[in-house]
Amino acid sequence: MRVVLAEDSVLLREGVARILGEAGFDVVGQAGNADELMLKVRSYSPDVAIVDIRMPPSHTDEGLRAAQEIRERHPTVGVLVLSQYVEPSYAMELLAESAEGVGYLLKDRISDVREFADAVRRVGEGGSALDPTIVSQLVGRRRRDDPIDQLTPREREVLGLMAEGRSNSGIAEQLVVTERAVEKHVTSIFSKLRLPAASEDHRRVLAVLAYLRS
Amino acid sequence: MRNRILAVLTLAIAATAGALYLAFTSDHEENPAFVTAVYLVIVWSFIGTGLFAWARRPDNRFGPLMASVGFAFMLGSLSESNDANVFAVGAIVGGLGIAVFVHALLAFPRGYLETRLVFALVATAYFVVVGVQALYNAFNPETCDGCPRNAILVTDSEAARTALGVVAVIGAAFVLVGTAAVLARRWRAASPPLRRTLAPIFATSAATLSLLALAIAVSFVSNQASDVIWWFVLASFATVPLAFLAGLLQIRLARASVATLVVELLSADGLEELQDAIAGTLGDPELELAVWLPETFEWIGADGGAFDLAAASDREGRATTFVEHEGEVVATLVHDAALEEERDLVDAVGAAAGLALAREGTVEALRRSEGRYRALLDAAPDLMFRFDREGTYLDFNGHPEDLVTPPESLLGSRAHDILPQETADHIVNGVREAIDTGRLVTGDYRVTIDGVERDFEARIVKDGDEAIVIAREFTELKRLNLQLERERDYIRTVVDNAPSLFCMVDLEGRILRFNQTLELLAGVADGADARGQPFWEVFIVPDEADEVSRELMSLAAEGAAGEHENRWRAAGGGEAVVAWSTTPLLDEHGRPSFLISGSDITERKEHEEELRRSRTRLIEAGDAERRRLERNLHDGAQQRLVSLSLAMRLAQAKLKTDPAEAGKLLDSASEELAQALEELRELARGIHPAILSDRGLPAALEALAGRAPLPVDISALDERLPPPVEAAAYYVVSEALTNVAKYAQASAVDVRVTRLNGRAVVEVADDGIGGADPLAGSGLRGLADRVEALDGRLHVESAPGRGTMIRAEIPCG
């Protein structure tokens, strides 16, 4: 899987590139700012672009804007944004229209190489990856007359994992249960939250996120 | 008309010729030349004036009546005839002239007989003069010496003659007395213009009739004496037409004065002057002028008020004349009905008035100028005197200090007794001119009052038989005084209304006077109680009074003005901080004194103090925040990194000897690292949330809501505000949400951010227990400081049991 990496801190960029290389990814290009990133994406047509949200010159949200541009111009390229902020609204901007080939992770996640590689792969394959911290904030947000309160703890866990963008098998693996059990939970959650059932994972993510944000 | 007059004139000449022939051919007339001369004068004066009057007023029968008197007298000359029959007719109609005269007199001036009494008088006169004479002659065989015989003699009867004589005397007495009574009554009822017409005729007629009565009365005693009186009767008779002519002439004179009137009217200032001028010319003091306002369809009087024309013209003896200008009715004169006799004059005056009214452009303009004139008159405190013709002071209006002598010695005195000869002449001449002409007379005069020469401008107007002098001073002194007065008023107003505190003190610091602002501040009235008291005792709080008194005392010595700040006494037992300084100046008597001027800076001081406190708190809060950060970094991330570093070293050391142990160490180090990262992230957000500057208030508030442990509804305006405002709003909500979570026991929170009149309004309302004290916690106090630093306001409503509402209003710059 071909990866382009954009991160202004050379040390971190090299570290991430190394981890990805060791995990079997092919890092075809590295960039220190958004312009360079766009050039590399255009040149190498990677499967996934990993982008730091904060980059020169203003160190605010260049990465996020570049990510959106990539999604518009190169829809086949998955985008994974790395951020140091636990701010759902950034993630939601990215996931606004489609959860296909999109990811938003805290930089902390890099240290868990296996999880990180898994997320990169999911995004590269057209799936989605949302940081568990963000998801837990979305799920944990208090609402008036909250139907989420009706979910069992397990169902809540499944909801969170769905929001992270994991497939049923991924969830089963994570929770160490059968896929059949996961499917049962998913059906129960959708009926409790009065959501229409969705088969494809990325559509499911979008539905769940839309629900959580409302 | 002309032909008729010519015919009558021809007849009169022929008759005269006949009469002359009879007189000079008479064999019984002893002195034909004299008699003829006398008769001709009387006869022709009556015929002449009669025809003249007839020509002037063909509709009036008075003219023909006058002429008839002449012709009737002429018939008397038939008695000069030598023929017995003609002589007999002449003897009967000889006195007809007197009856016709009575007729004419009683018909004057209208030309016809008005009442039954008057008709009876005239009938009686004809009966006595012709009827009784005829009967008398029929019973009287005697004629004059050398006269023809009596052709109508019936019989000689002494008794009949006596009876007829009595009838004649009674009849004559009735006619004379009745006529006198009628004339007297008419005179009394007549208005001034009518009297002017009646006077000459009545006077001469009355004289004639009186002489006639005397002649009749004397004839009982002595025929010779009676004959002498008869000559006087005739002479008096001859004056009647002359008097009539004089009356006509007077109207002519009045018409001549119309020319003067035009000039006067054109210079008249206002409707009242116009009315007075017209009234003067027509000799009708009650004349009223009403002006038509086409815009409002109403009549206004000379006084500018509404005028009831119908009521005015319906009054007995009043008539109206419309004044036209260029075919439009512009005004009406309501005047004495007798002026109808002088129609031409009234019309001429009306035309002049129309001209005068038109001169003003429009009647509206006239009214405006009238209003201005009146306003000026009302505003100016004029001196007014009423004088009679002789220059006697009858009345005055004005300030006694503008008089040369005290008012009590003024009234009843004459101008010449009080004023210098020249000035008195000047004024009295003006008064007479005004009374005589009815015109406005103006002039200047100078008098010495209390040793000061003062100039007055006088306007003299007629008022009946008297004149009113309106005097207005134009002395330079007066002007300067007025100017000074106005300036003083101005300064007083400024001093009293200025926000500054003013107090004048003498060199010992005793109060001379102070202004209204200080009265209000101190609650002390500027009066006898305060004046003369030491300044510091009245206005300064006790513990600073000594300091101020020393300050003022040293000022007297050094004369320098310094800036001071002291606590002054304020109304109601309070005190005020006042910044004050002093300026040396002279008081109104020229004595050196000091003006203390100060301004109440209590509020400014309080504000400054509050600002200082708030700034201090912000600095302290900043310091505290930095200390907290330092402590958190030191206790948290730094500690973790230190232990991480230790763990790494240990793992490194064990890597070869005990790889399993090294793995465990690295696992826990990794754990430690994750926590350190988490802590750093939290710290960073505490310093400044990146999302606020990146995405604005709504996104940042959403994030806050997401972390809040209870439902938070956010409704925020979707526009970017200046960063400091966004930050303040963010921290208001953040702090409020923290407080809600900690204390409110609320089930939900509403957060609203709106924009109102250029201010961002942030409201955080919960449904908790309320009772929050905005000043108790450092949190809210800090928020208030932050908001106030941006010129905003923080408002907390937190009634127990009704939730808490925090509302911040921050100007958006």
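Only the coordinates and a few stated rules stand behind these numbers; no lab work does. Only a predicted model underlies this, so the values are computations on that prediction, with no experimental measurement involved. We place every Cβ from the backbone using ideal geometry, glycine too, and count neighbours over all the protein chains shown.
Among the GluC sites (Glu not before Pro) in segment A:146-214, those located in a DSSP loop and surrounded by at most 15 other Cβ atoms within 10 Å of their own Cβ are A:E200. Counting only other chain Cβ atoms within 10 Å of each residue's Cβ, the peptide B:703-711 averages 5. The C-alpha atoms of chain B define a longest principal axis, and helix B:2-25 lies at about 30 degrees to it. Counts of other chain beta carbons within 10 angstrom of each beta carbon in peptide B:684-694 average 3.
With the cut-off at 1.5 for a/c, could you classify segment B:710-793 from its C-alpha gyration tensor as rounded, prolate or oblate? Spell out each step's value before the answer.
Numbers: a/c = 2.24, a/b = 1.30, b/c = 1.72.
Because a/c hits 1.5 or more and a/b fails to exceed b/c, segment B:710-793 counts as oblate.
Ignoring chymotrypsin sites (Phe, Trp or Tyr not before Pro) that are buried or in helix or strand per DSSP, and keeping those with at most 13 other beta carbon atoms within 10 Å, what is the longest stretch of chain B between them?
On the way: sites that count: B:Y112, B:F220, B:F297, B:F474.
So the longest stretch without any such site is B:475-813.
Modelled spin-label separation between B:V329 and B:A181, with each label point placed 7 Å from Cα along the Cα-to-Cβ direction: 4.3 nm. Taking the Cα centre of chain B as origin and assigning +1 to Lys and Arg Cβ atoms and -1 to Asp and Glu Cβ atoms, the resulting dipole is close to 1860 debye.
Given a Förster distance of 35 angstrom, what is the FRET efficiency for B:V169 paired with B:Y21, based on the Cβ-Cβ distance and rounded to 0.05? Computed FRET efficiency for B:V169 and B:Y21: 0.50. Potential lengthening of the chain between B:D658 and B:E565 amounts to 25.3 nm, from the contour at 0.36 nm per residue minus the alpha-carbon distance.
How much of the DSSP beta bridge set in the protein assembly as shown is antiparallel, as a percent to the nearest 5? Show your work: numbers first, answer last.
Details: 90 of 117 bridges.
That works out to approximately 75 percent antiparallel.
Here segment A:103-154 and segment B:104-183 have alpha carbon centers that stand 152 Å from each other. Our note on the geometry: Cα centres of segment B:385-441 and segment A:68-82, 113 Å apart. In chain B, helical runs assigned H by DSSP with n ≥ 4 each contribute -39500 (n - 2.57); averaged across all residues and rounded to the nearest 500, the mean residue ellipticity at 222 nm is -19000 deg cm²/dmol.
A cut-off under 11 angstrom between Cβ atoms defines the neighbours of B:Y743, and their net charge, with Lys, Arg +1 and Asp, Glu -1, is -1.
Shielding of peptide A:83-92 by partners, expressed as the average count of other chain Cβ atoms within 10 Å per residue Cβ, is 6. Angle of helix B:84-93 to the longest C-alpha principal axis of chain B, folded into 0 to 90 degrees and rounded to 10: 30°.
Roughly how many debye, to the nearest 20, is the charge dipole of the protein assembly as shown about its Cα centre, given +1 on each Lys and Arg Cβ, -1 on each Asp and Glu Cβ, and no other charges?
Numbers: 103 positive and 152 negative charges, 571 e Å.
In total the dipole reaches around 2740 debye.
The mean sequence separation of alpha-carbon pairs under 8 Å and at least six residues apart, normalised by the residue count of chain B, gives a relative contact order of 4 percent. From least to most packed, judged by other beta carbons within 10 angstrom and beginning with the fewest, B:M66, B:M74, A:M92 follow the order A:M92, B:M74, B:M66.
For chain A, what does -39500 (n - 2.57) per DSSP helix run (n ≥ 4), summed and divided by total residues, give at 222 nm, in deg cm²/dmol to the nearest 500? Before the final figure, lay out each step's value.
Working: 10 runs with 111 residues, N = 214.
It comes out at -15500 deg cm²/dmol, rounded to the nearest 500.
The angle separating the long axis of helix B:602-633 from the principal Cα axis of greatest extent in chain B is about 20 degrees. Taking a straight line from the alpha carbon of B:K664, these lysines sit under 26 Å away, with near neighbours fewer than eight places off in the same chain left out: A:K107, B:K654, B:K656.
Taking segment A:142-174 and a reference point 7 angstrom along Cα→Cβ of A:E125, the backbone N atoms nearer than 15 Å belong to A:165-174.
Report, as a whole number in µm² per second, the diffusion coefficient that Stokes-Einstein gives for chain B at 10 °C and 1.306 mPa s using the Kirkwood radius over alpha carbon pairs. All intermediate terms of the calculation are to be shown ahead of the outcome.
Details: Rh = 40.2 Å.
Answer from the Stokes-Einstein relation: 40 µm²/s.
Among A:S128, B:S693, the order by Cβ neighbours within 10 angstrom, fewest to most, reads B:S693, A:S128.
As a proxy for reagent exposure, B:C812, B:C503, B:C147 were ordered by neighbouring Cβ count within 10 angstrom, fewest first; the result is B:C812, B:C147, B:C503.
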